[in-house]
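Engineer: The structure under discussion is supplied below as structure tokens; questions concerning it will follow.
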Amino acid sequence: MLNPICRRFGVAVMLAAGAVSQGSAREVAGDPRVREALAFVELWLDGQRAYEGIPGISVAIVHDQELVWSAGFGLADRERQTAATPSTVYSICSISKLFTSVAVMQLRDEGRLRLDDPVVRHLPWFAVPQMYPESSPIDIESLLTHSAGFQEDPSIPYWTAPFDFPTREEIRESLPAEETLYPSESRYEYSNLGLVLAGEIVAAVSGSAFEERVRERVLDPLGLASTMELPEARRGGRLATGYSARRRDGARPAVAPFETRGLLPAAGFASTVEDLARFASWQLRLLAGGSSDVLAANTLREMQRVQFTDPDWSKTRGLGFEVWRSGDRTFVGHGGECPGYRTALLVQADDRIATVFMANANGVRSEVFAQQIHDIVAPAIRAAAARKEPAVAAPSAPSSDIALEKLRGVYDLAPWGGEAIVFPWEGELAFLELPSSAPLADLFRLRAVEGRPGRFRRLREHDAAGEPIVFDLDAEGRALRLWRWNNPFPRISR
């Protein structure tokens, strides 16, 4: 059964003050093609969650200053049967690095530090042995671009149970035993240690505790009231319980609670899809010139431009932000993975669209989910935002003798496969077998056969008609089952 426990669908919710530059939010959220794309996402996510055994998922999609859609699927806590919703709190782990990076850049803009400052200028106790005499000094910019030459984590085990994360003092004491892997600014090497040190610089330069500075200068001004240090005391309430990667027997055991302590600047915050949607809308507002809140617009642009790349161009980083290309567009954002949680934030500034994805399980490809959701919905949002006249539903081609909406649903393909979802798509009917990690690539279209209600042909390349797929209909035109390869497959839900 479809299980969006809580959703906002077709009603635009204001995220922040500021003008929408093209079209109105209600026109975007209520546009028939946007609604059609969101219905596709809803069917696919609900099925994919079940097939991957993910306990709970929360999602949000933003256009400019509007929350176009948000939803929760499955359970935030299996034992308590607590539903996942858009306001469920998840560990966002490495997305925390964006807040730390913003705090660093605020201090840079205030003239209190420079990006080319050696780390030791602000942290006299910094003492990682440099293994490469030819290396330039490790500076603040190299921390934000993951090019300082550090390994990923301090040499203290904490990523396995009982998840005994080190304190700030323990991290500081461990530094003389560390070694650099590369000369500074010669290669990319993702490093939590680097962002921990960036957080220490924020505290040292500002004269405030790191968490206080980020709360007062980043989170509170942006209205991120549900973003906080990982609140383990709330586990089983708003905080989702985390679960492991899927085991050989398909089980996902619950993961032990943890607190990130000294790793807070790199991995320690928790949030909701609604709050990260606000964070994304702030970025879009700033980039459009509609605000100077928290940062200058040019500073955010600087953070989201490529500032470092590996010699082979396999990795491109901004200042704190991941930067990548997909198709003909540039994206920025960050992913997060902590024990029991996978999250992703994806922002496409040219189209003013952002996607937030959160799951309470490891082994979930959160960045892939976020990208797929964007790719399904973004074309419809772009068209709706650019449209000057009220939108109408896409016409069928050719016109069907029945309402396509009455064929929408989930069909059981056992024993040959899992399920198929059937849904209206761009004026025709789409058919997608589940599970699918690439829903747009895997779906195929069905075209109605004129004069024969319920009969469709699969479209091949160049609009060539392939195999027939036939729907048995009740007296009101609703599908009861579909026939493929001359065999019946029952409709099991809408």
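The values are calculated or read from the model by the stated rules, or taken from the named source; none is laboratory data. Source: prediction; values computed, not measured. Every residue, glycine among them, receives a Cβ derived from its backbone with ideal geometry; neighbour counts consider all protein chains shown. Ligands, DNA and RNA are stripped out before the accessible areas are found, and what is left, the full protein with its side chains, is counted by its heavy atoms. Shrake-Rupley method; radii C 1.70, N 1.55, O 1.52, S 1.80 Å.
Engineer: Which one of the conditions (1) within 30 Å of residue 150 (Cβ to Cβ); (2) in a loop (DSSP other than H, G, I, E, B); (3) over 22 Å from the mean Cα position of the chain (by Cα) does residue 262 fail to meet, given that it meets all the rest?
Structural biologist: Checking residue 262 against (1) within 30 Å of residue 150 (Cβ to Cβ); (2) in a loop (DSSP other than H, G, I, E, B); (3) over 22 Å from the mean Cα position of the chain (by Cα), the one that fails is (2).
Engineer: Here is a list of conditions, (1) surrounded by fewer than 20 Cβ atoms within 10 Å (Cβ to Cβ); (2) under 30 Å from residue 216 (Cβ atoms); (3) small (Gly, Ala, Ser), and residue 155 meets all of them except one; can you say which number that is?
Structural biologist: Condition (2) is where residue 155 drops out.
Engineer: If residue 244 meets every condition in (1) under 30 Å from residue 129 (Cβ atoms); (2) more than 18 Å from the chain's Cα centre (by Cα); (3) among the small types (Gly, Ala, Ser) apart from one, which number is that one?
Structural biologist: (1)
Engineer: Still on this structure, I have one more. Being among the charged types (D, E, K, R) and within 28 Å of residue 71 (Cα to Cα): is that true of residue 261 here?
Structural biologist: Working: among the charged types (D, E, K, R): yes; within 28 Å of residue 71 (Cα to Cα): no.
The answer is no for residue 261.
Engineer: I'm told residue 194 meets every condition in (1) small (Gly, Ala, Ser); (2) touching a Phe, Trp or Tyr at 6+ places or on another chain (Cβ under 9 Å); (3) open to solvent by 10 Å² or more (accessible area, probe 1.4 Å); (4) assigned to a helix (DSSP H, G or I) except one. Can you identify the failing condition by its number?
Structural biologist: (3)
Each row is one residue, and each column tells you yes or no for (1) in contact with a Leu (Cβ under 9 Å, 6 or more places away or on another chain); (2) farther than 22 Å from residue 168 by Cα; (3) in contact (Cβ under 8 Å) with a residue 40 or more places away in the chain.
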| position | (1), (2), (3) |
| --- | --- |
| 192 | yes, no, yes |
| 197 | yes, no, yes |
| 206 | yes, no, yes |
| 230 | yes, no, yes |
| 253 | no, yes, no |
| 260 | yes, no, yes |
| 265 | yes, no, yes |
| 275 | yes, yes, yes |
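Engineer: Right, here's the next one. Restricting to the stretch 297-317, give me the number of residues that are part of a loop (DSSP other than H, G, I, E, B) and acidic (Asp, Glu). So that I can check it myself, show each step before the final result.
Structural biologist: Let us first name the residues in the stretch 297-317 that are part of a loop (DSSP other than H, G, I, E, B), namely 305-307, 310-315.
When the remaining residues are screened for being acidic (Asp, Glu), the result is 310, 312.
Adding up the residues that qualify gives 2.
Engineer: Out of all the residues in the stretch 65-84, which are over 16 Å from residue 358 (Cβ atoms) and either of a type outside the set (Val, Ile, Thr) or part of a loop (DSSP other than H, G, I, E, B) (or both)?
Structural biologist: Residues of the stretch 65-84 over 16 Å from residue 358 (Cβ atoms): 65-66, 68, 78-81.
Within the stretch 65-84, 65, 66, 78, 79, 80, 81 meet the criteria.
Engineer: If residue 204 satisfies all but one of (1) open to solvent by 20 Å² or more (accessible area, probe 1.4 Å); (2) in contact with a strand residue (DSSP E or B) (Cβ under 7 Å, 6 or more places away or on another chain), what's the number of the condition it fails?
Structural biologist: (2)
Engineer: Starting from the stretch 369-385, take each residue that is closer than 24 Å to residue 341 by Cβ and list its partners that are of a type in the set (S, T, N, Q), counting only C-beta distances under 7 angstrom and pairs at least six apart or across chains.
Structural biologist: Cβ pairs passing all conditions: 370/355; 371/326; 373/355; 374/348; 374/355.
Engineer: Determine which member of the set 294, 323 is part of a strand (DSSP E or B), in contact with a Phe, Trp or Tyr (Cβ under 9 Å, 6 or more places away or on another chain) and buried (at least 18 other Cβ atoms within 10 Å of the Cβ). It would help to see each step written out before you state the result.
Structural biologist: Values: 294 fails: part of a strand (DSSP E or B).
Only one candidate qualifies: 323.
Engineer: Another question, if that's okay. When residues of the stretch 44-64 are filtered for being outside any strand (DSSP E or B) and in contact with a Lys or Arg (Cβ under 6 Å, 6 or more places away or on another chain), how many remain? Spell out the reasoning first.
Structural biologist: Step one: filter the stretch 44-64 for residues outside any strand (DSSP E or B), giving 44-55, 64.
Filter once more, so that each one left must be in contact with a Lys or Arg (Cβ under 6 Å, 6 or more places away or on another chain): 53, 55, 64.
Residues flagged as outside any strand (DSSP E or B) and in contact with a Lys or Arg (Cβ under 6 Å, 6 or more places away or on another chain) within the stretch 44-64 amount to 3.
Engineer: Here's something else I'd like to know. Of all residues in the stretch 482-492, count the ones that are touching a residue at least 24 places away in the same chain (Cβ under 8 Å) and surrounded by fewer than 16 Cβ atoms within 10 Å (Cβ to Cβ).
Structural biologist: Of the stretch 482-492, the ones touching a residue at least 24 places away in the same chain (Cβ under 8 Å) are 482, 489-492.
Then keep just the ones that are surrounded by fewer than 16 Cβ atoms within 10 Å (Cβ to Cβ); that gives 490, 492.
Of the residues in that region, 2 qualify.
Engineer: Out of all the residues in the stretch 331-349, is one or more more than 30 Å from residue 163 (Cβ to Cβ) and open to solvent by 10 Å² or more (accessible area, probe 1.4 Å)?
Structural biologist: yes
Engineer: If you don't mind, another one. Which condition from (1) of a type in the set (A, V, I, L, M, F, W, C); (2) open to solvent by less than 10 Å² (accessible area, probe 1.4 Å); (3) farther than 21 Å from residue 308 by Cα; (4) touching a strand residue (DSSP E or B) at 6+ places or on another chain (Cβ under 7 Å) is the one that residue 98 breaks?
Structural biologist: (3)
Engineer: Name the residues in the stretch 459-481 that are open to solvent by less than 50 Å² (accessible area, probe 1.4 Å) and outside any loop (DSSP other than H, G, I, E, B), would you?
Structural biologist: Within the stretch 459-481, 459, 466, 467, 469, 470, 471, 472, 479 meet the criteria.
Engineer: Looking at the stretch 348-358, which of its residues are of a type outside the set (S, T, N, Q) and more than 16 Å from residue 96 (Cα to Cα)?
Structural biologist: Restricting attention to the stretch 348-358, the residues satisfying the condition of being of a type outside the set (S, T, N, Q) are 349-354, 356-358.
The answer is 349, 350, 351, 352, 353, 354.
Engineer: When only residues in the stretch 345-355 that are in contact (Cβ under 8 Å) with a residue 60 or more places away in the chain and assigned to a strand (DSSP E or B) count, which is farthest from the chain's Cα centre (by Cα)?
Structural biologist: 353
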